[in-house]
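*Asks:* Quick one: the structure is below, and I'll ask about it shortly.
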Amino acid sequence: QVQLVESGGGLVQAGDSLRLSCAASGRTFRYYVMGWFRQAPGKEREFVAAVTSRGGSTDYADFLKGRFTISKDNAKDTVYLQMNSLKPEDTAVYYCAFRSDMKLTMREDDYDYWGQGTQVTVSS
């Protein structure tokens, strides 16, 4: 089992920045992918970004247009999501996800473990 704990969410104004963190604990894997998804009110959960544990390959949702950056600290088993130029439409619950495989994927079903989520609210 892998436990994921997100932090860093909150209420910000449009144009502000925020950094989310996700710390993993429990069973260890040599190769894995950690990603971020989000779910806005009344909408389905959608992929945001993902990063591999080895090599640091990344993938992003097209709609981000360079505003978000995913990074990792393997020593701390932690992944970060730096969110810049936030917009009201970025308001959502952000979930951290873990995949015990090296292949990057945007598919929700490909991830094995999930965090409880952290709320991000962007006011206009």
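*Asks:* What number, in percent, do you get for the relative contact order of the stretch 55-94 if the mean sequence gap of Cα pairs under 8 Å and at least 6 apart is divided by its residue count? Write out the running numbers ahead of the final one.
*Replies:* Working: 25 pairs, mean separation 12.2, N = 40.
Relative contact order for the stretch 55-94 comes out at 31 percent.
*Asks:* Then there is this: How big is the charge dipole of the chain about its Cα centre, in debye rounded to the nearest 20, if each Lys and Arg gets +1 on its Cβ and each Asp and Glu gets -1 on its Cβ?
*Replies:* 280
*Asks:* Please compute the modelled spin-label separation between residue 57 and residue 39, points set 7 Å along Cα→Cβ, answer in nm with one decimal.
*Replies:* 2.9
*Asks:* Same structure again: Rounded, prolate or oblate: which fits the stretch 1-48 when a ≥ b ≥ c are the square roots of the eigenvalues of the alpha-carbon gyration tensor, with rounded for a/c under 1.5 and prolate only if a/b beats b/c?
*Replies:* prolate
*Asks:* Tell me which lysines have Cα within less than 29 Å of residue 43's Cα, excluding those fewer than 8 residues away on the same chain?
*Replies:* Within reach: 65, 72, 87, 103.
*Asks:* Can I ask one more? Using a Gaussian network model of the chain with C-alpha springs under 10 Å, which one of 48, 33, 12 is most mobile by mean-square fluctuation?
*Replies:* Maximum among the listed residues: 12.
*Asks:* What accessible area per residue comes out for the stretch 14-105, rounded to a whole number of Å², with a 1.4 Å probe?
*Replies:* Numbers: 4560 Å² over 92 residues.
Ligands and nucleic acids excluded, the figure is 50 Å² per residue.
*Asks:* Under 10 Å, Cα contacts only: if you run a Gaussian network model on the chain, which one of 20, 11, 86 comes out with the highest mean-square fluctuation?
*Replies:* 11
*Asks:* If you filter the stretch 15-124 for trypsin sites (Lys or Arg not before Pro), then keep DSSP loop positions with at most 11 other Cβ within 10 Å, what is left?
*Replies:* The qualifying sites are 27, 30, 43, 54, 65, 103, 107.
*Asks:* Using a 1.4 Å probe over the heavy atoms of the protein chains, calculate the carbon and sulfur portion of the accessible area of the chain as a whole percent.
*Replies:* Carbon-and-sulfur percentage of accessible area, whole number: 43.
*Asks:* Based on alpha-carbon centroids, what's the gap between the stretch 6-35 and the stretch 60-103 in Å, whole number please?
*Replies:* The two parts, judged by their Cα centres, are 7 Å apart.
*Asks:* How high is the relative contact order of the chain, given as a whole-number percent (alpha carbon pairs under 8 Å, six or more residues apart)?
*Replies:* Contact order relative to length: 36 percent.
*Asks:* Looking at the stretch 39-124, which GluC sites (Glu not before Pro) are in a loop (DSSP not H, G, I, E or B) and have at most 10 other Cβ atoms within 10 Å?
*Replies:* When the GluC sites (Glu not before Pro) of the stretch 39-124 are filtered for loop state and at most 10 Cβ neighbours within 10 Å, 44 remain.
*Asks:* Label the stretch 80-124 by shape, choosing from rounded, prolate and oblate, from the square roots a ≥ b ≥ c of the eigenvalues of the Cα gyration tensor; if a/c is under 1.5 it is rounded, and otherwise prolate applies when a/b is larger than b/c, oblate when it is not.
*Replies:* Because a/c hits 1.5 or more and a/b exceeds b/c, the stretch 80-124 counts as prolate.
The values are calculated or read from the model by the stated rules, or taken from the named source; none is laboratory data. These numbers come from a predicted model, not from an experiment. Heads up, the Cβs are rebuilt from the backbone with ideal geometry, glycines too, and the neighbour counts pull from every protein chain shown. These accessible areas exclude ligands, DNA and RNA; they are computed on the full protein's heavy atoms, side chains included. Shrake-Rupley method; radii C 1.70, N 1.55, O 1.52, S 1.80 Å.
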